[in-house]
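Q: Structure incoming, see below.
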Ligand code: 5RP
């Protein structure tokens, strides 16, 4: 079994009858959604809240009953992937382009679990490009600001070489930061820029991380 499948299936064990469950996006979350789909087919009653059109399509095929984030009071548990997780449980997300909806769903969740293979556990964030979701109007001005800061911005492109458009209708600018020494400062700065809709820094947002190692999954509780 590959490590992504291992942690996806392990995380699905946290889903219990009657829960409202946030369903993450990406190649790791895929396995969790498949496992939850099997549980529903075997009779478990849950409501899913998806974080992307990609996950909605998968969940619908599996017969998982879905509601939008606005149609539920609270989400009991959200399970999602991550691109990097530092030693102090800060994370970056958005490699799959779904960071805005993922952050909204996480913010209305009582508990958040991230599922990753061992390669995602890092000392410091920043080696993986940090996505910033921006309004198309004025995005080149933001691009220039990032360039001047030395963040080596690049517009995310789709498979046709066109600018990638998110489920929210925005663009993504990926920043090649190298190392993010002060994630909270960077997040506040990004939040202050007009036209930035969201960014991939997910700080102080996770409760439990399940890491896949060849010898088995390890469950880490964030402090
Ligand atoms: C999508 C995400 C994903 O959860 C993240 O990119 C990890 O993806 P994968 O499990 O495919 O490596 O944030 O926006």
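Q: Could you please find all residues in the stretch 23-42 being more than 12 Å from the ligand (Cβ to nearest atom) and touching a helix residue (DSSP H, G or I) at 6+ places or on another chain (Cβ under 6 Å)?
A: 35, 36, 37
Q: Among the residues of the stretch 88-121, count how many are more than 9 Å from the ligand (Cβ to nearest atom), in contact with a strand residue (DSSP E or B) (Cβ under 8 Å, 6 or more places away or on another chain) and over 20 Å from residue 173 (Cα atoms).
A: Count: 12.
Q: Still on this model: Can you tell me which residue among 117, 107, 191 is over 20 Å from residue 50 (Cα atoms) and in the same structural domain as residue 33 (by TED's automatic domain parsing)?
A: Sole residue among the options that is over 20 Å from residue 50 (Cα atoms) and in the same structural domain as residue 33 (by TED's automatic domain parsing): 117.
Q: Still on this structure, please answer the following. When you look at residue 211, is it within 14 Å of the ligand (Cβ to nearest atom), in a strand (DSSP E or B) and either exposed (fewer than 12 other Cβ atoms within 10 Å of the Cβ) or under 19 Å from the mean Cα position of the chain (by Cα) (or both), yes or no?
A: Taking the combined requirement at face value, the residue satisfies it.
Q: Spot the failing condition for residue 135; the list is (1) in the same structural domain as residue 21 (by TED's automatic domain parsing); (2) more than 11 Å from the ligand (Cβ to nearest atom); (3) farther than 17 Å from residue 4 by Cβ, and only one is missed.
A: Every listed condition holds for residue 135 apart from (1).
Q: Please enumerate the residues belonging to the stretch 41-55 that are crowded, with 19+ Cβ neighbours inside 10 Å and part of a helix (DSSP H, G or I).
A: 55
Q: Within the set of pairs 6+ apart or on separate chains, which have a first residue in the stretch 91-109 that is in contact (Cβ under 8 Å) with a residue 12 or more places away in the chain and over 10 Å from residue 81 (Cβ atoms), a second that is in a helix (DSSP H, G or I) and more than 8 Å from the ligand (Cβ to nearest atom), and C-beta atoms under 7 Å apart?
A: That search, which allows pairs on different chains as well, returns 104/69; 105/69; 108/69.
Q: Does residue 206 satisfy the condition of being surrounded by 22 or more Cβ atoms within 10 Å (Cβ to Cβ) and assigned to a loop (DSSP other than H, G, I, E, B)?
A: Criteria met by residue 206.
Q: State which residue is farthest from the ligand (Cβ to nearest atom) when the search covers only the stretch 64-87 and only residues that are in a loop (DSSP other than H, G, I, E, B) and closer than 19 Å to residue 47 by Cβ.
A: This residue is 73.
Q: Determine which member of the set 193, 220 is over 17 Å from residue 84 (Cα atoms) and more than 15 Å from the chain's Cα centre (by Cα).
A: Sole residue among the options that is over 17 Å from residue 84 (Cα atoms) and more than 15 Å from the chain's Cα centre (by Cα): 193.
Q: Sort out which residues of the stretch 184-205 are more than 15 Å from residue 129 (Cβ to Cβ) and out of contact with any helix residue (DSSP H, G or I) (no Cβ under 8 Å at 6 or more places or on another chain), and write them in order of number.
A: Across the stretch 184-205, the qualifying residues are 184, 185, 187, 188, 189, 191, 192, 194, 204.
Q: How many residues, within the stretch 185-197, are on the phi < 0 side of the Ramachandran plot and surrounded by 13 or more Cβ atoms within 10 Å (Cβ to Cβ)?
A: Going through the stretch 185-197 one residue at a time, the tally reaches 7.
Q: Another question about this same structure. Going by what's in this entry, would residue 61 be described as outside any loop (DSSP other than H, G, I, E, B), at pLDDT 95 or above and exposed (fewer than 15 other Cβ atoms within 10 Å of the Cβ)?
A: yes
The values are calculated or read from the model by the stated rules, or taken from the named source; none is laboratory data. Computed from a prediction, not measured in an experiment: that's the story for all the values here. Cβ coordinates were reconstructed from backbone atoms using ideal geometry, including for glycine residues, and neighbour counts include every protein chain displayed.
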